[in-house]
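Read-outs throughout are calculated quantities, based only on the coordinates presented, and are distinct from any laboratory measurement. In this text, all values refer to a predicted model and were calculated from it rather than measured experimentally. Cβ sites come from the backbone with ideal geometry, for glycine too, and all protein chains shown count toward neighbours.
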Amino acid sequence: MRFYRINALLIRHLYLFKRSFPRIMDIVLWPVMEITVWGFLSTYIDTLQIAGFNAITVLLGAVVFWDFFNQSQKAASIAFLEDIWEKNLLNIFVTPLRLSEFLTATMLVGAVRIVLVGIVLSALSFLFFKFNLFALGFFLVPFILNLFIFGWSLGIFSNAIILRFGTSAQILAWGFLFLIQPFSAVFYPVSALPHFLQAFSYLFPSTYVFEGMRAVIATGSLSLPLLFGAFIANAVYLALTLWFFYRMFAHVKREGRLLKLD
């Protein structure tokens with residue numbers, strides 16, 4: 001693995017953001033709209049003065065975490081799809097670029113997107129709703145890292161499906177996260193789910209993250225069982241996802257479909 005190749009891909013993606021208003025809008029406008037809608041809803045619920053429930057902290061914290069998750073998944077999926085749409089995938093892989101370097105570059109793009117979204121959402125949350133994400137302490141950092149890893153894994157998984165079935169499967173890049181959102185306990189605890197779904201929800205690393213976030217908010221301390229659960233689940237998903245992606249990429253090359261992917 002060579003860093004200069006990874007750096008070249010990273011710079012390429014960042015230049016695209018610099019000159020593309022739709023890409024900037026995806027990072028800024030949609031997260032702003034989400035934080036505004038959920039912020040007003042949180043303010044209204046907070047006026048109801050429900051005992052033991054801080055709506056602004058819990059709901060806005062969940063929205064910020066969900067956007068981190070969303071951006072990490074998009075970074076992997078959209079970077080890959082753009083090369084397919086522009087018929088550029090073959091041009092990239094006739095170079096000495098390794099698949100591991102390509103995937104590392106998409107991961108770094110996701111990290112950049114998360115930093116930008118985090119700055120925007122944290123500033124707006126504080127200015128409009130007096131919600132300070134950093135006041136929750138560094139206990140949330142490992143949970144954010146787990147969301148990033150899981151989002152990136154899901155992005156790579158959707159890319160593998162697109163490799164196998166073509167761009168007709170690209171809907172996964174836009175909607176896959178929302179398929180697991182009801183089971184990830186984003187805005188409510190796992191206990192709110194039916195009993196037969198509660199065990200199923202813990203198959204996803206995101207469930208441990210959002211439960212851990214609420215535990216940090218409620219107690220001010222880090223829940224090690226939830227954190228370890230997120231890391232273990234992520235390790236399994238990441239290993240399976242990378243194996244599946246490498247397998248699908250090898251299949252496409254063997255069939256000579258890399259140029260004809262559509």
So, over other residues within a Cβ distance under 14 Å of Phe17, counting Lys, Arg +1 and Asp, Glu -1, the net charge is +4
What one gets for the chain as the Kirkwood radius, inverse of mean 1/r over different Cα pairs in Å, is 19.4
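When the helices in the chain are scored as -39500 (n - 2.57) per DSSP H run of 4 or longer and the sum is shared across all residues, what 222 nm value do you end up with, to the nearest 500 deg cm²/dmol? Could the numbers behind the result be given before it?
Working: 10 runs with 199 residues, N = 262.
After summing the helix terms and dividing by residue count, I get -26000 deg cm²/dmol.
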For the range 1-123, the charge dipole (Cβ of Lys, Arg +1; Cβ of Asp, Glu -1; about the Cα centre) points to a positive end, and the Cα of Leu81, Ile35, Thr95 closest to that extreme belongs to Thr95
Treating only Lys and Arg (+1) and Asp and Glu (-1) as charged, each at its beta carbon, one finds that the range 197-262 has a dipole about its Cα centre, in Debye to the nearest 20, of 340
Scalar couplings 3J(HN,Hα) for the range 190-201 by Karplus 6.51 cos²θ - 1.76 cosθ + 1.60 (θ = phi - 60°), nearest whole Hz, x for Gly and Pro, are 4, 4, 6, 7, x, 4, 6, 9, 5, 5, 4, 5
Ranking Gly212, Ser72, Phe131 by how far each Cα lies towards the positive end of the charge dipole of the chain (+1 on Lys and Arg Cβ, -1 on Asp and Glu Cβ), the top one is Ser72
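Neighbour counts of other C-beta atoms within 10 Å: give me Glu101, Glu82, Glu211 arranged from fewest to most. Provide the component values of the computation, followed by the final result.
Values: Glu101 19, Glu82 14, Glu211 23.
By the 10 Å Cβ count, ascending, the order reads Glu82, Glu101, Glu211.
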When the charge dipole of the chain is computed with +1 at the Cβ of Lys and Arg and -1 at the Cβ of Asp and Glu, the Cα pointing farthest to the positive end, of Asn7, Pro225, Val109, is that of Asn7
Taking Cα atoms, the helix 205-219 axis meets the longest principal axis of the chain at an angle in degrees (rounded to 10) of 30
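What is the magnitude of the charge dipole of the chain about its Cα centre, with +1 placed on the Cβ of each Lys and Arg, -1 on the Cβ of each Asp and Glu, and no other charges, expressed in debye to the nearest 20?
Details: 18 positive and 11 negative charges, 180 e Å.
My answer is approximately 860 debye.
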Nearest 10, in degrees from 0 to 90: the angle of helix 55-85 to the longest Cα principal axis of the chain is 10
Note, the range 231-243: 3J(HN,Hα) by Karplus (6.51, -1.76, 1.60, θ = phi - 60°), whole Hz, Gly/Pro = x, goes 5, 5, 4, 5, 4, 5, 4, 5, 5, 5, 5, 5, 4
